Amino acid sequence: MGAVVGTLSLQTRQRRPSRATMFGSSNNDRVCDDLELSVVCHRPEALDLLEAQSNFNRKELQVLYRGFKNECPSGVVNEETFKQIYSQFFPHGDASTYAHYLFNAFDSSQSGSIKFEDFVTALSILLRGTTTEKLQWTFNLYDINKDGYINKEEMTDIVKAIYDMMGRFTYPALKTDTTKQHVDAFFQKMDKNRDGVVTLDEFILSCQEDENIMRSLQLFENVI
Ligand SMILES: [Ca+2]
Ligand SMILES: [Ca+2]
């Protein structure tokens, strides 16, 4: 399990260099100009609302917005674009399946596209949220069909997607039964009442008992 949640922190580290470009502090004047034009003038309430709903201040939101518009001038990210951006961080593997699951977790309204608001909401939780919020978000990511339970099929799909994403350079001697072992270990630890599915309560309880998972969650904080 530690390796699964640990992957999230690995992603954070791998994404840092790109984040520096995406959210770099150059052209600060233009940040404000763009934001004035795109958000403040057209939707003056949007920034206030985001500031109230997220754990970012106005200045941080402006920098994030600049980065978002830079990568996605249309203002929304569809799944194909998301996969392309995300895959750049995992050049040795195939990140498309994991990116699909991540996309659905970012797209909390299941609208088929990620708007700036969706992006800020997810980042706010992952970087500045409480432990429970981060675990809820991760649970939702693993709960592929969003029915409130993680079953073995979903966990198998997630673990396979993570192995695909990491590629053969990270897991050179991957055996076919490794996925099953990983999933079995996950359920051994998480499925407290042994009914074959992991609920949010079981997930949060089990993660909080695990120091490795708690440490990897803390790595999210203060990276922006
Ligand atoms: Ca499910
Ligand atoms: Ca259970």
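The values are calculated or read from the model by the stated rules, or taken from the named source; none is laboratory data. Just so it is clear, the model here is predicted, and its values are computed rather than measured. Backbone-built Cβ (ideal geometry, glycine too); neighbour counts: all protein chains shown. Note: areas computed on protein heavy atoms with side chains; ligands, DNA, RNA excluded. Shrake-Rupley method; radii C 1.70, N 1.55, O 1.52, S 1.80 Å.
Values as computed for the structure displayed
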| quantity | calculated |
| --- | --- |
| Filter pass, residue 161 being surrounded by fewer than 20 Cβ atoms within 10 Å (Cβ to Cβ) and among the aliphatic types (A, V, I, L, M) | no |
| Single condition residue 90 does not satisfy, out of (1) open to solvent by 40 Å² or more (accessible area, probe 1.4 Å); (2) touching a residue at least 60 places away in the same chain (Cβ under 8 Å) | (1) |
| Tally, over segment 129-157, of residues that are more than 13 Å from the chain's Cα centre (by Cα) and in a helix (DSSP H, G or I) | 8 |
| Residues (under 19 Å from residue 54 (Cα atoms), within 16 Å of ligand 1 (Cβ to nearest atom) and β-branched (Val, Ile, Thr)) located in segment 124-158 | 138 |
| Scope segment 153-179; condition basic (Lys, Arg) and modelled with pLDDT under 90; matching residues | 168, 175 |
| Qualifying residue in segment 26-35 (condition: surrounded by 18 or more Cβ atoms within 10 Å (Cβ to Cβ) and either more than 25 Å from the chain's Cα centre (by Cα) or at pLDDT below 80 (or both)) | yes |
| Residue check for residue 217: crowded, with 19+ Cβ neighbours inside 10 Å and modelled with pLDDT under 90 | yes |
| Test for residue 81: is it hydroxyl-bearing (Ser, Thr, Tyr), over 23 Å from residue 185 (Cβ atoms) and part of a helix (DSSP H, G or I) | yes |
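Rundown of residues vs (1) under 26 Å from residue 52 (Cα atoms); (2) of a type in the set (Phe, Trp, Tyr), yes/no style:
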residue	(1), (2)
95	no, no
103	yes, yes
106	yes, yes
120	yes, no
